[in-house]
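This report concerns only the one structure given below.
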Amino acid sequence: MTLQLYSRAADVLAESITADVEQCEQRLRYAMVDCVWQLIPFAEDYVELISSVLTSFRQTDNAYLSAKEVFQRYLVSQFYDRLILAVEPSAAVRLSRPLIDIAELERLPKSGAIVASLHQSRYLLFGSRFFVERPEFYKMAARPTSIDHAGFEGRVAKRTLHASDRSTPVKAVRALSAGATILMMIDHVHSHAEKYKLRFLGAEMEVNLGAAWLALKAGVPIFPIALFQDGPIYRLRVLPAVYPTADLGATMQNICLQLEQAVALDPLSWNRWGAVFGDQRKGRIQQELRAIKQTIWQEIIRAYRRREGAR
Amino acid sequence: MSVAGQAAKDIIQRELYRVIGSDLESLPLSTEIEESGLDSLKLSEAVLSLEHQLGIVLDDDALTAISDCGTIGDVIDLLAANL
């Protein structure tokens, strides 16, 4: 039953690719309602997990985390992410422009900066904008990310710094000194750089020290960012700058203090709940989420290809 | 190897062991990089410092080739060859 609903929503979505954006969103939301109701028991489980962590850490009023509302938001954003994977880049940018607000990027200095982000599920939506519109934007990644698979390879390949290359920090310092902005997701570690354990949302989280080291060597500030949903718009907020010191661990901790706000603004958008607060139950929830995302993706691609084939 | 070449190699070796925080006796040149503590930040620290000391800039190809090095000795040879 649920799969049929996905399929129906995917048909609507694929059909909407060339339609007016507002109309597309409206139709998508209608198509999603049934899916959301089907998945409410699952959503409540996931929301309970996130609420309990946030509440115990900062005594947050979790009334806003209505299961239905949160999961509806989550599914809509997942659909947009998959949509961007399914269409060619210029269509994705056209579609996402009225939905994505990246105006705060104007606050970044032109003389080089590091942008520190968490793994948030809105990355593809935002990435489709700033990697196309901001030629000074680089990203550092341990492996190809979703944006590399979304038809943007030509635009981002030359501006990708590979964390698995041991000499990448030297190249990154040079790029920063030449005025580049480097996007780094700091809540995931790779093996080639020194690791450090810090506190995040009351738990222990392991990070690499690369962002702090690069900023110190290149003499640039680090700007943590939050990606969040604000009504029908997805917004990027640039949080207060962190200036690096020789104490790299303390610098990373200061970045993470800011990034806690990113999670508080849009808890479901953070992909690392299971990894940081991992236990069996949470791991199972993550697995189920992955399965749902995979199903959505397959259905949208199938619907899109069916539509293309019918042309 | 010329005297100048050997001197440069000595500087590279000294710099690498400084950033690792060890010495040739504890970590012979044949030590695998993975086991030496020479992570990407320490290696980059050494490269930037050497460029500053020796007044040179390594090109991207030479930098990328460092990733293929297996041992500390390999890194020293590669850097020396690109001075």
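Within region A:122-134, residues that are closer than 15 Å to A:Leu108 by Cβ and modelled with pLDDT of 75 or more sit with their Cβ atoms under 6 Å from residues that are assigned to a helix (DSSP H, G or I) and open to solvent by 10 Å² or more (accessible area, probe 1.4 Å), at 6+ positions apart or across chains, in these pairs: A:Phe131/A:Arg155. May I ask you to verify whether B:Ala8 is away from chain A (no Cβ under 14 Å), open to solvent by less than 30 Å² (accessible area, probe 1.4 Å) and not β-branched (Val, Ile, Thr)? So B:Ala8 passes the test.
Yes/no matrix, rows are residues, columns are (1) modelled with pLDDT of 90 or more; (2) under 11 Å from the mean Cα position of the chain (by Cα):
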| site | (1), (2) |
| --- | --- |
| B:Ser2 | no, no |
| B:Ile12 | yes, yes |
| B:Asp23 | no, no |
| B:Leu38 | no, yes |
| B:Asp61 | no, no |
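Answer yes if at least one residue in region A:227-238 is open to solvent by 10 Å² or more (accessible area, probe 1.4 Å), hydrophobic (A, V, I, L, M, F, W, C), in a helix (DSSP H, G or I) and modelled with pLDDT under 80, and no otherwise. No, that holds for no residue. Considering only residues in region B:47-69 that are outside any helix (DSSP H, G or I) and of a type outside the set (A, V, I, L, M, F, W, C), the one that is least open to solvent (accessible area, probe 1.4 Å) turns out to be B:Ser67.
For beta carbons closer than 6 Å, sequence separation of 6+ or different chains, a first residue in region A:175-188 that is within 8 Å of A:Ser111 (Cα to Cα) and free of Cβ contacts under 8 Å to residues at least 24 places away in the same chain and a second that is part of a helix (DSSP H, G or I) and open to solvent by 10 Å² or more (accessible area, probe 1.4 Å), there are no qualifying pairs. When restricted to residues that are among the acidic types (Asp, Glu) and assigned to a loop (DSSP other than H, G, I, E, B), region A:240-269 contains 2.
Of all residues in region B:70-83, those that are of a type in the set (A, V, I, L, M, F, W, C), open to solvent by less than 70 Å² (accessible area, probe 1.4 Å) and touching a residue at least 40 places away in the same chain (Cβ under 8 Å) total 5. Figure legend. Inter-residue proximity from region B:47-63: first residues within 8 Å of another protein chain (Cβ to nearest Cβ), second residues surrounded by 14 or more Cβ atoms within 10 Å (Cβ to Cβ) and of a type in the set (Ser, Thr, Tyr), beta-carbon distance below 8 Å, spacing 6+ or different chains. Indicated pairs: B:Val47/A:Ser167; B:Leu63/A:Ser167. In region B:34-44, of all residues being facing chain A (nearest Cβ under 8 Å) and assigned to a helix (DSSP H, G or I), the one that is most open to solvent (accessible area, probe 1.4 Å) corresponds to B:Lys42. Would you list the strands (runs of 3 or more DSSP E) that sit entirely within region A:156-218 and hold 3 or more residues that are open to solvent by 10 Å² or more (accessible area, probe 1.4 Å) and either modelled with pLDDT of 90 or more or within 13 Å of chain B (Cβ to nearest Cβ) (or both)? Output list reads A:195-200.
The values are calculated or read from the model by the stated rules, or taken from the named source; none is laboratory data. Please read these numbers as outputs of a predicted model, since none were measured by experiment. For neighbour counting, all protein chains shown are included, and Cβ atoms are generated from backbone atoms with ideal geometry for every residue, glycine included. What goes into the accessible areas is simple: the full protein's heavy atoms, side chains included, and nothing from ligands, DNA or RNA. Shrake-Rupley method; radii C 1.70, N 1.55, O 1.52, S 1.80 Å.
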